[in-house]
Amino acid sequence: IILSFVSLCPQVGNYKRAVKRFDDGHRLCNDLMSCLQERAKIEKAYGDQLTAWSKRWRQLIEKGPQYGSVERAWLAVMTEADRVSELHQEVKNNLVNEDVEKVKNWQKEAYHKQMIGGFKEAKEAEEGFKKAQKPWAKKLKEMEAAKKTYHMACKEEKLAATREANGKTEASVTPDQQKKLHEKVDKCKQDTQKAKEKYEKSLEELSKCTPQYMECMEQVFDQCQQHEVKRLTFLKEALLDIKRHLNLTENQSYATIYRELERTILAANTQEDLKWFSNNHGPGMHMNWPTFEEYNPDQASAPPKKKKPDGAPPTPSTDHVAPPGDRSSVSSYEKNQAYSTEWSDDEQPAAYSGNENGGNGNSFEDDSSTGRGVRVRALYDYEGQEQDELSFKAGDELTKTEDEDEQGWCRGRLDNGREGLYPANYVEPI
């Protein structure tokens, strides 16, 4: 690099490119910070999209008909998205809070702005180059002037010799004129010789001071190189830090996410899921066969299924028992949906219609959108009359997962995880 630089030194002021490198270095720091800030925005946007996607599909899956260990495996994919989103948010934070700040601080320490504009380092380099080049530039200017004088003398000598030769062939030129032409040629030769000697002398003097000039220029250039070495070294280290922040494969948490996802998926047990479904919605479910019941005037029972009560549900009696409304309107696409208590091959399920949008929509989109996760407290004792009903005591707390339907029933979840239906007028919000 130094040899290449010195080979161009005869061009006075050719050091400008080396000086401009200070301005370029400062601008490149700004470019790197802008580059990292844009990447941070991309990481944040991707993380936000993963979170939104996970939230939407988690709700759809929880409301949908999938059940058991396969449902847990499917939901594990949503958990993976949430955790990967957190890692990408962490990447964004590292880029902005660590990498950008690191470049900004180094730039501030390496480049010092002047009040009049420009950078102190660039000004010092330019002054150093000018000072080193000034004596040599003066000699160069003298040599160029001597060269020009010599070349003009050569031109005059050649012109005089041509005139003399033409005068000898023309009869109109007198002997006196020919003599003058000859004297002019002799004088031009003398002037040319003097100019040549002066030119050679100035070139010799320039050559003598060239080594010192090269040495001084190299010293200033070396100082510029040392500053550039610091910049390039810092840039390399900064890029390695950036790579470390971007490369999630080196993050132990990233590998753990997919190990746990694979473990959850492999834990899906087809036979266990089928057994659960059979026990809850098939021939293995509890059968509430009719039995003889004595009349009890102190305890009323819930109205028959599939029958809408007249008016609002009655007020519970003082012995903590009151009849709820009918719950025959439970959504046909809700998890643990209410079926007839008697399982039979004669039962005709509702016809399923495929997605009419070419699969672009979700078949669970139109499911009930009622509220979820509201804590309530039981006002009265209630003993579930069927398999899909909850039982609780007055004062127990549970979570209402679906609002009251038009028949006066709510869906909820006990603290032990059991889900089912209960009469809405048996509880109050906490």
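Assorted remarks:
- Strands (runs of 3 or more DSSP E) lying entirely in the stretch 350-421 (those with 2 or more residues that are at pLDDT 90 or above, over 24 Å from M285 (Cα atoms) and in contact with a Gly (Cβ under 9 Å, 6 or more places away or on another chain)): 374-378, 397-402
- Candidates D176, D222, D241, filtered to the one that is over 19 Å from P135 (Cβ atoms), over 60 Å from the mean Cα position of the chain (by Cα) and of a type in the set (D, E): D176
- Qualifying residue in the stretch 146-158 (condition: free of Cβ contacts under 8 Å to residues at least 60 places away in the same chain, crowded, with 19+ Cβ neighbours inside 10 Å and aromatic (F, W, Y)): yes
- Flag for S69 being closer than 30 Å to R413 by Cα and modelled with pLDDT of 95 or more: no
- Members of the stretch 49-68 that are crowded, with 18+ Cβ neighbours inside 10 Å and among the small types (G, A, S): S54, G64
- Residue list for the stretch 189-247, filter: out of contact with any Asp or Glu (no Cβ under 9 Å at 6 or more places or on another chain) and either small (G, A, S) or outside any helix (DSSP H, G or I) (or both): A195, S207, N247
- Condition check for Y199: in contact with a strand residue (DSSP E or B) (Cβ under 6 Å, 6 or more places away or on another chain) and not hydrophobic (A, V, I, L, M, F, W, C): no
Every residue, every condition in (1) at pLDDT 95 or above; (2) under 30 Å from N279 (Cα atoms); (3) part of a helix (DSSP H, G or I); (4) small (G, A, S), yes or no:
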residue	(1), (2), (3), (4)
K41	yes, no, yes, no
P65	no, yes, no, no
T79	yes, yes, yes, no
N97	yes, no, yes, no
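- Verdict on Y254 being open to solvent by 80 Å² or more (accessible area, probe 1.4 Å) and in contact (Cβ under 8 Å) with a residue 24 or more places away in the chain: no
- Within the stretch 207-222, one or more residues are of a type in the set (K, R) and within 30 Å of Y150 (Cβ to Cβ).
The values are calculated or read from the model by the stated rules, or taken from the named source; none is laboratory data. Every value quoted in this text rests on a predicted model; they were computed, and no experiment measured them. Ideal geometry is used to build each Cβ from the backbone, glycine not excepted, and the neighbour counts take in all protein chains shown. The accessibility values were calculated without ligands, DNA or RNA, using every heavy atom of the protein model including side chains. Shrake-Rupley method; radii C 1.70, N 1.55, O 1.52, S 1.80 Å.
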